[in-house]
Structures are given as C-alpha cells and as structure tokens.
Amino acid sequence: MTNQRFIAMPSETARGFREGGPDAHDQPPERHVSDGSGVPCRHCLADVTEGEPFLILAWRPFPGPQPYAETGPVFLHAVGCERHDEAAGMPEMFLKRERFLLRGYGRDDRIIYGTGQIKATTDLVEAAATLLENPEIAYLHVRSGDYNCYQCRIDRAA
C-alpha cells in the first residue's frame, strides 16, 4: 500500500469541457480523432484509443490564477469516460511512458523549489512517497517528462 492517491481531472470539470464550456484561454475545446499514438485523457487517466474522438484544451489545474498556476494543453475523451479511481494506484497508461516530472506544491499552490525531479516511471511511486514525507508539500503534480504537460495530481492517502 502506498501513501498516495492519483487524482484525475474532476468529473464536473470534464463534463463542462465536453459540453463546450470554455477552456483556460476562454476558447472552446478543439475536437480531434485519436491516431492511437498515446493521447492521455486527464479524466480516466487512460489513453484514448485509435479512432476515438478527443478534445484538446488549455487547463489550469489550480484553484485560481497566480504566478505559479501554469496553464497548458491537455487531452480529454470527447465522450464521457469513468474517472480514474484514486485508490487504484498509478494509472496503467503511465507504464507506457519512460519518465515523468514530479513537482511539489505548498498549501498556497506555489512550487516548492528543490522538489522538481525527472523520474523513470518505475521509480515514480517511490519518489512520490519520499516527496510526500516533506510536511511543506501539500500535493504533487505529475507532468510529462518530455513536454511538461500536466498529467495528474498526487495527494497523500487519507
């Protein structure tokens, strides 16, 4: 058992985007069809399969704007999908990728300097557990090791 939960995009947020709600740049999500080359949905934390429609949109996974509240592109199944079960551990789609960036944030939603680490996928759970031992860290972001795109949040298990 690990001391962490992998937190996906909230269902109400995903539903709003699927219904055409504006993204972080006040634009409607773009609709595309997956070629099967690794389009990670931020709601179910699984890859969109070849031939399935998906959305691309700008998302800011923070409670409000501030200097450290990064906004970036994310993918989302265009048709409803089941939200990733937080208790299920590391999403299987992560195993298809070599590395990720882990970054710690404080209770004020700002980066805690010195916490950013590029880790091999095989070391991700252990590295996250070690970072979460730091009481200054409220949560972690998992980001693509190649493009810095937000994947999900990691919180301590209750």
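Assess whether residue 65 counts as being in the same structural domain as residue 22 (by TED's automatic domain parsing), at pLDDT 95 or above and not small (Gly, Ala, Ser).
Details: in the same structural domain as residue 22 (by TED's automatic domain parsing): yes; at pLDDT 95 or above: no; not small (Gly, Ala, Ser): yes.
Taking the combined requirement at face value, the residue does not satisfy it.
For residue 52, all conditions in the list (1) surrounded by fewer than 17 Cβ atoms within 10 Å (Cβ to Cβ); (2) without any contact (Cβ under 8 Å) to a residue 60 or more places away in the chain; (3) within 30 Å of residue 21 (Cβ to Cβ) hold save one; what is the number of the exception?
(1)
Only one of 123, 155, 109, 85 is on the phi > 0 side of the Ramachandran plot, modelled with pLDDT of 95 or more and not hydrophobic (A, V, I, L, M, F, W, C); which?
Working: 123 fails: on the phi > 0 side of the Ramachandran plot; 155 fails: on the phi > 0 side of the Ramachandran plot; 85 fails: on the phi > 0 side of the Ramachandran plot.
Exactly one residue qualifies, and that residue is 109.
What is the residue count in the range 85-106 for residues that are surrounded by 17 or more Cβ atoms within 10 Å (Cβ to Cβ) and over 21 Å from residue 145 (Cα atoms)?
Adding up the residues that qualify gives 1.
Is it the case that residue 127 is assigned by TED's automatic domain parsing to the domain that holds residue 28, farther than 22 Å from residue 20 by Cα and either small (Gly, Ala, Ser) or in contact with a helix residue (DSSP H, G or I) (Cβ under 6 Å, 6 or more places away or on another chain) (or both)?
No.
Out of the residues in the range 113-150 that are farther than 16 Å from residue 91 by Cβ and of a type in the set (Val, Ile, Thr), which is farthest from the chain's Cα centre (by Cα)?
The extreme case among them is 130.
Conditions (1) among the acidic types (Asp, Glu); (2) closer than 30 Å to residue 51 by Cα; (3) in contact with a Ser or Thr (Cβ under 8 Å, 6 or more places away or on another chain), marked per residue:
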position	(1), (2), (3)
71	no, yes, no
97	no, yes, yes
101	no, yes, yes
116	no, no, no
122	no, yes, no
142	no, yes, no
153	no, yes, no
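Could you grab me the full set of residues in the range 106-124 that are farther than 19 Å from residue 3 by Cα and either of a type in the set (D, E, K, R) or not assigned by TED's automatic domain parsing to the domain that holds residue 90 (or both)?
Of everything in the range 106-124, those that are farther than 19 Å from residue 3 by Cα and either of a type in the set (D, E, K, R) or not assigned by TED's automatic domain parsing to the domain that holds residue 90 (or both) turn out to be 108, 109, 110.
Determine which member of the set 5, 18 is within 12 Å of residue 80 (Cα to Cα) and buried (at least 17 other Cβ atoms within 10 Å of the Cβ).
Selected residue: 18, the only one of 5, 18 that is within 12 Å of residue 80 (Cα to Cα) and buried (at least 17 other Cβ atoms within 10 Å of the Cβ).
Among the residues of the range 134-156, what is the count of those that are assigned to a loop (DSSP other than H, G, I, E, B) and either touching a residue at least 24 places away in the same chain (Cβ under 8 Å) or of a type in the set (Phe, Trp, Tyr) (or both)?
First, the residues of the range 134-156 that are assigned to a loop (DSSP other than H, G, I, E, B): 134-138, 145-149.
Cutting the leftovers down to either touching a residue at least 24 places away in the same chain (Cβ under 8 Å) or of a type in the set (Phe, Trp, Tyr) (or both) gives us 134, 136-138, 145-149.
Looking only at that region, the number is 9.
In the set 60, 103, which member is within 21 Å of residue 115 (Cα to Cα) and not assigned by TED's automatic domain parsing to the domain that holds residue 140?
After applying the criteria, what remains is 60.
Which of the residues that make up the range 1-16 are over 29 Å from residue 125 (Cβ atoms) and either of a type in the set (A, V, I, L, M, F, W, C) or not assigned by TED's automatic domain parsing to the domain that holds residue 65 (or both)? Don't jump to the end; show me each part of the working.
Restricting attention to the range 1-16, the residues satisfying the condition of being over 29 Å from residue 125 (Cβ atoms) are 15-16.
Matches in the range 1-16: none.
The values are calculated or read from the model by the stated rules, or taken from the named source; none is laboratory data. Computed from a predicted structure; not experimentally measured. Reconstructed Cβ throughout: ideal geometry from the backbone, glycine too, with neighbour counts over all protein chains shown.
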